[in-house]
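Please read the structure below before turning to the comments.
Every number here is computed from the coordinates shown, using simple stated rules; none is lab data. Predicted model only: the values in this text are computed from it and were never measured. Ideal geometry is used to build each Cβ from the backbone, glycine not excepted, and the neighbour counts take in all protein chains shown.
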Amino acid sequence: MKQPRLLREEVILRVVSKALVPLILLFALYVQFHGDFGPGGGFQAGVIFAAGMILYGLIFGLANLQRVWPPRRVELGIGLGVMLYAGVGVATMVRGGRFLAYGALDPHHPVHGQHLGILLVELGVGITVASTLIAIFYALGRVPPEPRG
Amino acid sequence: MSEHLPILQVVVPLLAGPLCLLLRHRLLVRGLATAVPLACLTIAGLLLHRVQQVGAISYHIGGWAPPLGIEYRIDLANAYVMVIVSAIAAVVMPFLPGHMGSAMVRRREHLFYAIFLLALAGLLGISATGDMFNAFVFLEIASLASYSLVALGRHRRALVAAYSYLIIGTIGGTFFLLGIGLMYQMTGTLNMVDLAHRLPEPMSPGTPGSRTVLVAFAFLAVGLSIKLAVFPLHQWLPRAYAHAPSAVSAFLAATSTKVSYYLLVRVVFSLFGAAYVFDALKLDRLLLPLSIVAMFAGSTAAIFQTDLKRLLAYSSVAQIGYMTLGVSLASVTGLTGGLVHLFNHALMKGGLFLAAACYGMRLRSSRIADLAGAGRLMPWTTAAFVTGGLALIGVPGTAGFVSKWYLVLAALEQGRWLVAVLVVASSLLAVAYVWRVVEVAYFADRDAGAHPIKEVPPLLLVPTWILIGATVYFGLRTELTAGVAEAAAGVLWESLR
C-alpha cells in the first residue's frame, strides 16, 4: 500500500508555491498601498497577504509558518491594527478635529492629512485582517486540547 | 474635550480591548479592564447630565455632516441606556478573574478581557449611534463577543450553547441587515433622523413602496425580537445564560437584551412611528398576547428548573415579557413602564446572577438542591438573593414594584382590566420560583458528607450588594428612575421628526 505523502514532498506543489508566495505577498502590498488610487484597500490586501501565508503553511507545514509568524506575534498584530485605526482617530481629536477627520492631521495641507489618514487607517485594517485570518488558520491546525469537564 | 464625549464613550473600550492584547501582563490588564468601565460610566453620566440640560447632542464622525456622514446622536433615551450598560460592566468586573471556568481561560486572561471590552464597546456603540448601518456593525461586534464569552463556560455544554446562540443570533442580525437594506432602497439614507423624515412618504398605503417598507419593518422587528428573546424566539436565552460563566450571564442578562430592547423601541417609535406600527399595522394585537404568554410561560418554566442559573434565565424570558408589554400598550405610560423595567430588571437580574456566581464559587455547582444550608453558611449572599427575589416578585419598596406599577397604570389607563390583573397574577408565579430557592437555602440541611462552604470574600459581596442595594434604593426613590424614564419615553414617542 502506498504511504500518503506530505504535501512538501510533491515537487510541483513545492516549486510552484515557492515561486508564487512572494508574488502573492507583493500583490497584497500593491493592493494595500494602491488602494487610495484604484480598487483595493486594507481588507482585500489583508486577505491576500494571509492567503499567501496560509499557502506556505499548507505546503511546508504549520511549524515552518510559525517560525515566520509566531502565534504570539499574530495575536499582537490583531490588536495593533485596531489600535492604529482608532489611534488615527484619537490623533485627529487631539489635533482639534472630529474623530477620524483626517484633514486635522496636517492643518496646513488638509489634503495631505487626508492622504496620510486613509493610508494609516487602511494599513491598520490590513494588519488586523491578515493577522486574524492567520490566527484562524492556526486555531484550525492546532491539536485540540484535552476535553473539558 | 467635552464635545468629543459621544465618540469617547465608544472609542475608550474599543481601544482598551486590543490594548489588552498588547499589554499581556496580568495586573496591567486587570487594572485597565477595571478602569475602562468606570471611565465609560463617568462619560455616560456626563452625557446624561448634558442631555438633560441642552437636549439631543449630535457628533459628526470625520467632520462629515449627516445624513451623508455617520452621526452619533445622544438623547435622553440612549444616554439612559449607556449609563445602565457601563454601570453593570463596572460592577461585574471584580467577578471576572476569579470566576472563569477552565484553566485555559485563566492562562490567557488578557484575551478574555479583550473580548469583554469589545462586547462593552459594541453595546455602547449600538446605543450611541444615530446611523442604522453603524448600529448593525456594533450589533455584530457585541454579538460575536457575546458568543465567545458564553463559550468560556465551565462545561463542554457551554460550547453547544454558544453555537446555538451563534446560529440564532446570526439569523437575527441578518434579518436586521435585510431590513436596513430595504429601508435604504426606499429612502436612500441610513441616518436615523433622516429616515424618520423620509419614511412616511413610501410608507403611506397605496404607494408602490408601501409593501417594501412593510417587509423592511417585519425584518427589523423579527430580527431585533430574536436578539431580545421575545417569547417564541427565546430558545437560545436559557441555554446561553445557564452555561456561560456566571459573571458573564450577569453582564449579558443585564445589558445585552436591554440594548436590543432600546434598539427595537427606537425603530418602532422613532423611525416608523406609533401611528404606523399600532394604528396601521396593529402590532399590539400580536405583541400583547405574546408578552402575556411570555410572562406566564417563562415564570412557569422557571418554577420547574433544577438549576439556579437556568431558573434565572427563564425568569428573564418572563421579565422581557413585561418590557415588551410596555411597548404593546402603545402609550407613553406603557413605554415608561417598559423603560423603567429595563433599568430595574438590569439591576435585579444582574444582582441575582452575581449572587449565583457567589454560590457557584463556593458550591462548585449551580444545582438548586446543592444550596442546602447556604442560608446559614453564606448569610450575606443568601440575603442578597432573597432581596433580589423580592424585587423580581415586585414587592412594594423594591424596584420591581415601580415597574409593575407603571405597567398596571398604563393598562388601566386604556381600561384593559384583564391585562392589569394578569400582570399581578404572573407576579405570583415569581413568588413560587423564588420560594423554591429560599426554601432549600434556609430550611434544608447540608449533607454531612458535602464539602464545607463559607461566605465569599468582600470583593465579590460588595458588587453584588451594590446592585441589590440599588434595587431597594430605586424602589424607594422612584423619582430618579421613573423621572428619567418618563422623559426618555417622551423623547422616543415624539419620534425624530
Inter-chain shielding metric for B:279-291, i.e. average beta-carbon neighbours from other chains within 10 angstrom, reads 0
Mean other chain Cβ within 10 Å across A:84-96 is 3
Most exposed to least, judged by fewest other Cβ atoms within 10 Å, B:THR187, A:THR132 sort to A:THR132, B:THR187
In nm, the gap between the two label points placed 7 Å beyond Cα toward Cβ at B:SER365 and A:LEU20 is 5.7 nm
For B:LYS404, the lysines lying under 19 Å Cα to Cα, once residues fewer than eight places off in the same chain are dropped, come out as B:LYS258, B:LYS349
Output ordering of B:6-15, B:278-287, B:320-329 (per-residue mean of other Cβ within 10 Å, highest first) is B:320-329, B:6-15, B:278-287
Exposure-ranked with fewest Cβ neighbours within 10 Å first, B:PHE353, B:PHE217, B:PHE133 stand as B:PHE133, B:PHE217, B:PHE353
Hydrodynamic calc, chain A: Kirkwood Rh from Cα pairs, then Stokes-Einstein at 10 °C with viscosity 1.306 mPa s, so D in µm² s⁻¹ is 92 µm²/s
In order over segment B:163-168: 3J(HN,Hα) from phi, Karplus 6.51/-1.76/1.60, θ = phi - 60°, whole Hz, x for each Gly or Pro, gives 5, 5, 4, 4, 5, 5
With +1 at each Lys and Arg Cβ and -1 at each Asp and Glu Cβ, the charge dipole magnitude of the protein assembly as shown around its Cα centre, to the nearest 20 debye, comes out at 1980 debye
Most exposed to least, judged by fewest other Cβ atoms within 10 Å, B:SER331, B:SER249 sort to B:SER331, B:SER249
Rounded to the nearest 10 degrees, the helix B:26-54 long axis (Cα) sits at an angle to the longest Cα principal axis of chain B of 40 degrees
When the charge dipole of chain B is computed with +1 on Lys and Arg Cβ and -1 on Asp and Glu Cβ about the Cα centre, the Cα farthest towards its positive end, among B:THR336, B:ILE43, B:LEU76, belongs to B:ILE43
Nearest 10, in degrees from 0 to 90: the angle of helix B:246-265 to the longest Cα principal axis of chain B is 20 degrees
Given backbone amide H placed at 1.01 Å from N, residues whose amide H is under 5 Å from that of B:ASP307, ignoring those fewer than 5 places away on the same chain, are B:ILE368
Taking Cα atoms only, helix B:399-413 is inclined relative to the longest principal axis of chain B by an angle, in degrees rounded to 10, of 40 degrees
Most packed first (mean Cβ within 10 Å per residue), the peptides B:124-132, B:460-468, A:123-131 order as B:124-132, A:123-131, B:460-468
Given unit charges at Cβ for Lys, Arg (+) and Asp, Glu (-), the dipole magnitude of segment B:2-493 about its Cα centre in debye, nearest 20, is 1420 debye
